1. May I ask you to list the residues in the stretch A:11-48 that are within 11 Å of chain B (Cβ to nearest Cβ) and more than 10 Å from the chain's Cα centre (by Cα)?
2. What tally of residues in the stretch B:64-73 results from selecting those that are in contact with a Ser or Thr (Cβ under 9 Å, 6 or more places away or on another chain) and either assigned to a loop (DSSP other than H, G, I, E, B) or surrounded by 23 or more Cβ atoms within 10 Å (Cβ to Cβ) (or both)?
3. If I ask for residues that are within 10 Å of B:VAL4 (Cα to Cα), at the interface with chain A (Cβ under 7 Å from one of its Cβ atoms) and open to solvent by 10 Å² or more (accessible area, probe 1.4 Å), which ones from the stretch B:87-107 would you list?
4. Scan the stretch B:9-55 for residues that are assigned to a loop (DSSP other than H, G, I, E, B), small (Gly, Ala, Ser) and surrounded by 13 or more Cβ atoms within 10 Å (Cβ to Cβ) and jot them down.
5. Considering the stretch A:100-111 alone, what residues qualify as being surrounded by 17 or more Cβ atoms within 10 Å (Cβ to Cβ) and not small (Gly, Ala, Ser)?
6. Take the residues of the stretch A:56-96 that are surrounded by 13 or more Cβ atoms within 10 Å (Cβ to Cβ) and without any contact (Cβ under 8 Å) to a residue 12 or more places away in the chain: which is farthest from the other protein chains (Cβ to nearest Cβ)?
7. Show me the strands (runs of 3 or more DSSP E) entirely contained within chain A in which 3 or more residues are in contact with a His (Cβ under 8 Å, 6 or more places away or on another chain).
Amino acid sequence: DAGVTQSPTHLIKTRGQQVTLRCSPKSGHDTVSWYQQALGQGPQFIFQYYEEEERQRGNFPDRFSGHQFPNYSSELNVNALLLGDSALYLCASSFSNQPQHFGDGTRLSIL
Amino acid sequence: QKEVEQNSGPLSVPEGAIASLNCTYSDRVSQSFFWYRQYSGKSPELIMSIYSNGDKEDGRFTAQLNKASQYVSLLIRDSQPSDSATYLCAVRMDSNYQLIWGAGTKLIIKP
């Protein structure tokens with residue numbers, strides 16, 4: 001039974017570029033949440049998707065957008081990348097409001 | 001501003017001893033509480049969830065919740081060097097979907 005899978009593992013971009021990160025939830029899970037984690041900090045909630053809609057959003061600018069597909073997989077898009085967007089991006093899936101399980105993350109570096 | 005506070009550590013504990021990790025939260029409406037373990041460079045891994053006052057035990061781990069004092073703790077008995085990691089506390093209100101995270105406590109188990 002595959003857990004939460006994220007791709008790519010690592011990514012290097014330059015300022016102003018756009019990036020798309022992908023997440024496949026654990027089998028049986030219908031809810032996907034995205035988090036940004038800076039070094040030495042706890043994860044910061046970006047948004048959560050359920051039934052292909054953004055159900056809740058954290059305090060992130062509109063440059064951060066997402067999508068959930070009918071198979072429950074999800075994408076996180078970030079436009080106009082800034083140096084401060086360098087972080088570990090985590091996807092977590094759950095069934096409804098059950099505890100969330102995380103993928104291995106995507107390490108994004110902005111040059 | 002809803003907050004979750006943890007002592008950043010590092011907390012150093014001898015092998016075989018009990019490690020005690022603490023977390024306080026500011027929002028009295030919080031209803032769900034989670035402890036995650038995160039090894040360096042890896043993603044958070046769910047250890048325990050607790051929803052009602054009292055103790056919840058799972059193997060060497062015990063979570064303790066006191067809603068009146070807005071306090072949740074994690075005890076690790078018979079600490080092993082493999083327990084060395086950062087432990088993250090996360091809190092959620094039932095009317096909300098996002099997890100609010102502490103910055104984590106770094107635990108070091110000394111052989």
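The values are calculated or read from the model by the stated rules, or taken from the named source; none is laboratory data. The model shown is predicted, which means the values in this text are computed figures rather than measured ones. Using ideal geometry, Cβ is built from the backbone for each residue, glycine included, and neighbour counts are taken over all protein chains shown. All accessible areas refer to the heavy atoms of the entire protein, side chains included, with ligands and DNA or RNA removed. Shrake-Rupley method; radii C 1.70, N 1.55, O 1.52, S 1.80 Å.
1. Of everything in the stretch A:11-48, those that are within 11 Å of chain B (Cβ to nearest Cβ) and more than 10 Å from the chain's Cα centre (by Cα) turn out to be A:THR31, A:GLN37, A:ALA38, A:LEU39, A:GLY40, A:GLN41, A:GLY42, A:PRO43, A:GLN44.
2. Of the residues in the stretch B:64-73, the ones in contact with a Ser or Thr (Cβ under 9 Å, 6 or more places away or on another chain) are B:64-67, B:69-73.
Subset that is either assigned to a loop (DSSP other than H, G, I, E, B) or surrounded by 23 or more Cβ atoms within 10 Å (Cβ to Cβ) (or both): B:67, B:69-70, B:72.
Total meeting the criteria: 4.
3. Once the filter is applied, which keeps residues that are within 10 Å of B:VAL4 (Cα to Cα), at the interface with chain A (Cβ under 7 Å from one of its Cβ atoms) and open to solvent by 10 Å² or more (accessible area, probe 1.4 Å), the stretch B:87-107 yields B:TRP101, B:ALA103.
4. Let us first name the residues in the stretch B:9-55 that are assigned to a loop (DSSP other than H, G, I, E, B), namely B:9-10, B:15-18, B:26-29, B:39-44, B:51-53.
Filter once more, so that each one left must be small (Gly, Ala, Ser): B:9, B:16-17, B:26, B:40-41, B:43, B:52.
Those that are assigned to a loop (DSSP other than H, G, I, E, B), small (Gly, Ala, Ser) and surrounded by 13 or more Cβ atoms within 10 Å (Cβ to Cβ): B:GLY9, B:ALA17, B:SER26, B:SER43.
5. Here is the first cut: in the stretch A:100-111, the ones surrounded by 17 or more Cβ atoms within 10 Å (Cβ to Cβ) are A:100-106, A:108, A:110.
A:GLN100, A:HIS101, A:PHE102, A:ASP104, A:THR106, A:LEU108, A:ILE110, listed by residue number.
6. Out of the qualifying residues, it is A:ARG57.
7. On the way: elements: A:5-7, A:10-13, A:19-24, A:31-37, A:44-50, A:53-57, A:64-68, A:74-78, A:87-94, A:106-110.
Strands (runs of 3 or more DSSP E) meeting the threshold: A:74-78, A:87-94, A:106-110.
Quick grid of which residues meet (1) closer than 23 Å to A:SER93 by Cβ; (2) more than 12 Å from the chain's Cα centre (by Cα); (3) polar (S, T, N, Q):
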position	(1), (2), (3)
B:ALA19	no, no, no
B:THR24	no, no, yes
B:PHE33	yes, no, no
B:GLN38	yes, no, yes
B:GLY41	yes, yes, no
B:LEU46	yes, no, no
B:ILE50	yes, no, no
B:GLN64	no, no, yes
